[in-house]
Amino acid sequence: MAKPLELIKVEDLTICESTAQMITKARKDGVELFFDRAQAMKPCPIGEQSACCKHCSMGPCRMNVNSPYDRVGVCGATIDTIVARNFGRMVAAGTAAHTDHGMAMLELFRDVINGKVKDFSIKDPIKLLEIATSLDIPTEGRDLKAVALDLYQELERTYTQVDGEIPMMKRVPPKTLELWRAAGIVPRGAMREIMEMMHRTAMGVDQDYENITKQISRTALADGWGGSMVSTDISDILFGTPSPVEIECDMGVLKEDQVNIIVHGHEPILLEAMIISAADPVLQGMAKDAGAKGLNLVGMCCSGLDVMSRHGLPHAGNFSSTEAVLVTGAIDAMTVDIQCIKQDLKKVADFYDTPFITTNYRAKIEGALHIQLDEHEPLKCTDEIIIKAITRFKTRKKPIQIPRKIARGVHGFSFEYINYMLGGSFRGSFTPLNENIINGRIRGVAGVVGCTNPRSKHDYSHVELVKELIKHDVLVLQTGCSQMALAKAGLTGPGAAALAGPGLAEVCETVGMPPVLGLGACVDNSRILIAASEMVKVGGLGDSLADLPAAGCAPEWMSEKAIAIGHYFVASGIYVVFGHTFPMTKGTKFEKHLFEDLEKQGFGKWAFADDPREMARLMIAHIDKKRQQLGIDKTRERVLSDMADRRGLDASA
Ligand code: NFS
Ligand code: SF4
């Protein structure tokens, strides 16, 4: 049995006040949450360093983490082979998740153009034409449907192609692509790369960690520049490209007098269909008849982030709050699709009499009610969910306690919008961003992304890291659970500029943007790749992605998807720091390969740190190193002393 739960202080588990209140309530109610299980379940010290192999039944083979070279597996596999293979399989799994999601979006796109799906249509034809043009598909004088069908055919290759380069390689800066070609890591199709990764990491196949790393890179690139990128672009085409809008978030968005429905998962179709259903006057009438003031649709995790800026929908919180939100007792239905859905949500939902509904055939949960969402008639599923929620509202029995906190912030900074915001409506351009980096007002750009994890104080590292970065004039781009951590902490509004360094604050004021830009869900990390490529294209900051004064971080990661994302940034040339833990045996050649050698070969590299200030220090040191290599380190000193002088003058005036 676990130790009495009261022993773990709530303030050590999370900095999110709402989640903290709900952990306390859950403990009183006798409901176990993953925070407490994480304390009770000590990680295996060998597994934690990824030093075991169970790829065949001659094992499992456990290595000695204190002296990794003192033994080999029964088959003779060395520690480097074992850790590299495990890492490769994490990347394969993460890539599979993003690409399978992307492929589902692409199929939806095909069926929308073919007229087989009638509830959705093409919302952003301009983006459709832009993407088609970027892939050399003729658009002049052609019917939109014909272009769309060609685009579908072309993008299908991202997944199914057996040989040749995937279409999005046309968007990679030439010098970066040259490096990948020379290294033999340009992805063919995601299915092929994932298959080969799994094959090569099976017993007795690839047993050279450097060679395994090449396939790891190739697979990860099939995610970032393939599955994820297509998913983002198709979602924008179908549902609209996001532009900034003020969003309310945190658990205070729940309403005691309304039917509260949480949509949690990853594919935007479920939430988009829920929005259509919730606008149905018949269902609204039913809610009124049940005594509710209305239907309150609320997103959580990535699907919430994906959809909120397209519709101004409120967001209740990130991965670590999905059980906590049920503890309010105010949720009349929680509906989920795929990914990051904890199995115990079902148990917690049962305790609070909340209907818990799975909707995707790929992700059922034992004991949970399954209502399949058929994309040809999605409203059948979502109407039924709303009716279930209304019934639960009518028969609410458990006491309700809703945390009051609501934070307001601006989200929805797509690549297209950033371009427009910086360059103006007539000629969108990244030139002002590059100029401000070159003149030193902005020191560099950081992507802070990824999960939360109950083994690391919830939201803490995200918030502290981002504060530290903006204080040092680093512009921060965000996605995923990280974006929601900052949103709840109030750092996604223009007010956050007050916490930025003088140079960044000045740019934010001039452009009218916050120093922390929320770009959306985890698949939308592809927006960061496109923005970075645009920075290279505009000029003045080197010729490849590896030249940019930029860095990435997932400070509280937990999912295999995060490892796939981290590695596609590394393979693209970016320095990536992961926090809290890393699936690596210390002191191995494979560790040196990922943490040092890759950079020497022209890629980015991995790093690890436990403390958010240390993460910031590493990222800033890397940004400064790149500035120096670009010869723009001096400009920054000048601009800062100029600003200090000006402030001195202002003060004396
Ligand atoms: Ni991405 Fe992490 Fe999950 Fe989204 Fe959140 S946990 S890797 S941010 S919801 S995928
Ligand atoms: Fe052990 Fe080798 Fe089998 Fe892995 S593949 S379990 S190291 S014998």
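Mind checking which residues of region 258-278 are over 21 Å from THR322 (Cα atoms) and open to solvent by 10 Å² or more (accessible area, probe 1.4 Å)?
Within region 258-278, ILE276, ALA278 meet the criteria.
Taking ILE234, is it crowded, with 24+ Cβ neighbours inside 10 Å, in contact with a Phe, Trp or Tyr (Cβ under 7 Å, 6 or more places away or on another chain) and not hydroxyl-bearing (Ser, Thr, Tyr)?
yes
Just wondering, is there one or more residues in region 80-88 that are closer than 22 Å to ARG455 by Cβ, charged (D, E, K, R), out of contact with any Lys or Arg (no Cβ under 6 Å at 6 or more places or on another chain) and crowded, with 16+ Cβ neighbours inside 10 Å?
no
How many residues does region 453-476 contain that are open to solvent by 10 Å² or more (accessible area, probe 1.4 Å) and either among the basic types (Lys, Arg) or without any contact (Cβ under 8 Å) to a residue 60 or more places away in the chain (or both)?
Total satisfying the criteria: 4.
Which ranges mark the helices (runs of 4 or more DSSP H) fully within region 523-621 that have 3 or more residues being more than 30 Å from ILE131 (Cα to Cα)?
Helices (runs of 4 or more DSSP H) meeting the threshold: 589-592.
Just a yes or no: is a residue in region 510-517 more than 12 Å from ligand 1 (Cβ to nearest atom), open to solvent by 10 Å² or more (accessible area, probe 1.4 Å), on the phi < 0 side of the Ramachandran plot and not aromatic (Phe, Trp, Tyr)?
yes
Going residue by residue through region 144-155, is there one that turns out to be touching a Gly at 6+ places or on another chain (Cβ under 7 Å), open to solvent by 40 Å² or more (accessible area, probe 1.4 Å), touching a residue at least 24 places away in the same chain (Cβ under 8 Å) and in a helix (DSSP H, G or I)?
No, there is no match, as no residue in region 144-155 is touching a Gly at 6+ places or on another chain (Cβ under 7 Å), open to solvent by 40 Å² or more (accessible area, probe 1.4 Å), touching a residue at least 24 places away in the same chain (Cβ under 8 Å) and in a helix (DSSP H, G or I).
Consider only pairs whose beta carbons are under 6 Å apart and that are at least six residues apart or on different chains; among these, list those whose first residue lies in region 437-452 and is among the hydroxyl-bearing types (Ser, Thr, Tyr) and whose second residue is within 16 Å of ligand 1 (Cβ to nearest atom) and open to solvent by 10 Å² or more (accessible area, probe 1.4 Å).
THR452/PHE319; THR452/CYS481
Could you please give the count of residues in region 540-567 that are within 30 Å of ARG636 (Cα to Cα) and out of contact with any Ser or Thr (no Cβ under 6 Å at 6 or more places or on another chain)?
Total satisfying the criteria: 14.
Out of ILE357, ILE400, which single residue is outside the structural domain of HIS311 (by TED's automatic domain parsing) and either under 23 Å from THR19 (Cβ atoms) or aliphatic (A, V, I, L, M) (or both)?
ILE400
Residues of region 284-343 being within 13 Å of ligand 1 (Cβ to nearest atom) and at positive phi, which ones?
Matches in region 284-343: CYS301, GLY317, GLN339, CYS340.
Just need a number here: residues in region 631-651 that are assigned to a helix (DSSP H, G or I) and either surrounded by 17 or more Cβ atoms within 10 Å (Cβ to Cβ) or within 24 Å of the chain's Cα centre (by Cα) (or both).
Looking only at that region, the number is 4.
The values are calculated or read from the model by the stated rules, or taken from the named source; none is laboratory data. For clarity, every value in this text was computed on a predicted model and none was experimentally measured. Please note: Cβ atoms are built from the backbone with ideal geometry, for glycine as well, and neighbour counts cover all protein chains shown. Areas reflect the complete protein model, heavy atoms only, side chains present, ligands, DNA and RNA absent. Shrake-Rupley method; radii C 1.70, N 1.55, O 1.52, S 1.80 Å.
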